[in-house]
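Scroll down for the structure; my scribbles are underneath it.
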Amino acid sequence: MKKMIFSARAVLVLGTALVGTTINFTTAFAADSAGIVVYNAQHESLGKAWIDGFTKETGIKVTIRNGGDTEMANQIIQEGANSPADVFLTENSPAMTLVDTKGLFAPIDTDTLAQVPETFKSADGKWTGVAARSTVFAYDKTKLKEADLPKSMLDLADPKWKGRWAASPTGADFQAIVSALLELKGEDETAKWLKALKENATFYKGNSVAMKAVNAGQTEGAVIYHYYWFGDQAKTGENSKNVALHYFKNQDPGAFVSISGGGVLASSRHQKEAQAFLKYVTGKAGQAILRDGDSFEYGVGTGDASNPKLVPLADLQAPKVEPSKLNSAKVTDLMTAAGIL
């Protein structure tokens, strides 16, 4: 009878895979000697497209574990120096900051950092933006005219909007928007807005579900990210045919552009390969996947164009927010105090 010998790293990958996330077992053992492990909190299809492109270009194999922003950030913190992860990808930057403040990221190679503008990466050079998404007000165009739309996201706190709009407050997407509000307007204003959110809005689980509710006439509008509408329109449009997007612009908190992040774990035993992966994602080939694919997220590489169907990033008039300052822990406390979480 043959004995099966597994490396300690492979055992760690399998062990942590049991904690509520998805892992590709077909490449789990290969990652120990010939590849890297990516903890992916981005959309699975986008993460897979990046990984497939990287492997095709470099021959480096990748094991992927999929989960949510906060879930995977806390998993990395819990695992500490024993984490099997080499790279962490997120949908929103607060999860990156959570890991960064624990000192768990390695400095990113200067060649990679040079591919991304300052506004789309951390001040300390420990993580970088890999994609971006814009906050929008998705509204029922059969019920609302442009003149009826809120001028600011803060206007949704007005009692006249009671019962007329929706959000998905338990998700990392919405909490990143609240993080930006906190950074821009301070704790008192944020607490007041969250109280109004509790009183005025209908809650759904997921941005796409909130958009479907708008489309079905269940609510007049919802605060979501832009790409849910574009993604549905590119398919059948059945969940967005009655929906249009309102961009707040004017540096409003509702014009916040959230940065999806990528970082290399300091504990990684495959630093060269992990750094190469981030360089690929932020480089021409990786950013072209955003431009030409069906994720409809914005590219963040210097000089790289986004999907031509999108409103150009420069036209969004987004507020200036240092992504490293977004405080997910404080937001969770405020939302809990408001009775939302």
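All of the numbers you see were taken from the coordinates with simple rules; none came from a lab. Keep in mind it's a predicted model, so treat the numbers as computed, not measured. Positions of Cβ are backbone-derived with ideal geometry, glycine not excepted, and every protein chain shown enters the neighbour counts.
Checking the table Lys235/Lys309; Lys121/Lys279; Lys121/Lys195; Lys235/Lys284 against a 23 Å threshold on Cα-Cα, which pairs fail?
Working: Lys235/Lys309 14 Å; Lys121/Lys279 13 Å; Lys121/Lys195 32 Å; Lys235/Lys284 26 Å.
In this structure, Lys121/Lys195; Lys235/Lys284 lie more than 23 Å apart at Cα.
Calculated FRET efficiency, Leu149 and Asp333, Cβ-Cβ r, R0 51 Å, to nearest 0.05?
Values: r = 31 Å, r/R0 = 0.61.
Working from the Cβ atoms, E equals 0.95.
Between the range 297-325 and the range 180-213, what is the separation of their alpha carbon centroids in Å?
Cα centres, the range 297-325 to the range 180-213: 23 Å.
Using a cut-off of under 14 Å, list every residue of the range 82-96 whose amide N is near the label point 7 Å from the Cα of Lys185 along the Cα-to-beta-carbon line.
Under 14 Å, as judged by backbone N against the label point of Lys185, lies no residue of the range 82-96.
DSSP loop trypsin sites (Lys or Arg not before Pro) in the range 291-328 with at most 13 other Cβ atoms within 10 Å of their Cβ, which ones? Could you put the intermediate results ahead of the total?
Details: sites: Arg291, Lys309, Lys320, Lys325; in loops: Lys309, Lys320.
Here the trypsin sites (Lys or Arg not before Pro) that fit, given the DSSP loop and packing criteria, are Lys309, Lys320.
Nearest 10 degrees, 0 to 90: what angle lies between the long axis of helix 69-79 and the longest principal axis of the chain (Cα atoms)?
So the helix axis and the longest Cα principal axis differ by about 30 degrees.
Sort Val311, Val99 by Cβ crowding within 10 Å, fewest neighbours at the top.
On the way: Val311 15, Val99 27.
Fewest to most other Cβ atoms nearby, the residues stand as Val311, Val99.
Once both axes come from the Cα atoms, what is the angle between helix 328-337 and the longest principal axis of the chain, in degrees from 0 to 90, rounded to 10?
40
Please say if the range 115-248 is rounded, prolate or oblate, where rounded means a/c under 1.5 for a ≥ b ≥ c the square roots of the C-alpha gyration tensor eigenvalues, and otherwise the choice is prolate for a/b larger than b/c and oblate otherwise? Mind showing how you got there, number by number?
Values: a/c = 2.06, a/b = 1.25, b/c = 1.65.
Oblate, since a/c reaches 1.5 and b/c is not below a/b.
Fewest to most neighbouring Cβ within 10 Å: what's the order for Asp294, Asp148?
On the way: Asp294 14, Asp148 11.
Going from least to most buried by this count: Asp148, Asp294.
Considering only the other residues whose Cβ falls under 15 Å of the Cβ of Asp294, what net charge follows from Lys and Arg at +1 and Asp and Glu at -1?
0
If one takes the longest principal axis of the Cα atoms in the chain, at what angle in degrees, from 0 to 90 and to the nearest 10, does the Cα axis of helix 172-200 lie?
That helix lies at roughly 40 degrees to the long axis.
For a quick check, take a GNM of the chain with Cα springs below 10 Å and name the residue from Thr282, Thr135, Thr302 with the largest mean-square fluctuation.
Highest fluctuation among the options: Thr302.
Of all beta bridges DSSP finds with both residues in the chain, what is the antiparallel percent, to the nearest 5?
Numbers: 23 of 37 bridges.
The antiparallel proportion sits near 60 percent.
Hey, which of these cross-link pairs are over 27 Å Cα-Cα: Lys102/Lys272; Lys151/Lys198; Lys241/Lys330; Lys48/Lys330? Please list the in-between numbers first.
Working: Lys102/Lys272 22 Å; Lys151/Lys198 20 Å; Lys241/Lys330 37 Å; Lys48/Lys330 32 Å.
Where the Cα-Cα span goes over 27 Å, the pairs concerned are Lys241/Lys330; Lys48/Lys330.
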